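What follows is a single structure, written as structure tokens, with notes after it.
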Amino acid sequence: MYPYYGGGPMGWGGFLVMILSMIVFWGGLLTIVVVLLRRHDGTAVRILEERLAKGEIDTDEFDRVRKTLRSR
């Protein structure tokens, strides 16, 4: 059996590595989600700009829809 010195058989070093690994994992996952959401919003505005350039919508509708997209 291992003696108990406040950190189990891993000791404090193993405990700290485990916590840091969890922080890096969740931080990376959150970063991926944020990047994907921002890329999606950029695509919607880009499509809107293309429709304005083609003359499918006017500037009033462009401003209204862009404001709606940014408020989400």
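The values are calculated or read from the model by the stated rules, or taken from the named source; none is laboratory data. Here the structure is a predicted model, which means the values were calculated and not measured. Accessible surface is based on the protein model in full, side chains and every heavy atom, while ligands, DNA and RNA are left aside. Shrake-Rupley method; radii C 1.70, N 1.55, O 1.52, S 1.80 Å.
Things worth noting here:
- Members of region 31-72 found to be within 21 Å of the chain's Cα centre (by Cα) and of a type in the set (A, V, I, L, M, F, W, C), listed by number: Ile32, Val33, Val34, Val35, Leu36, Leu37, Ala44, Val45, Leu69
- Every residue from region 1-15 that is open to solvent by 100 Å² or more (accessible area, probe 1.4 Å) and either in a helix (DSSP H, G or I) or at pLDDT 90 or above (or both): Pro9, Met10, Trp12
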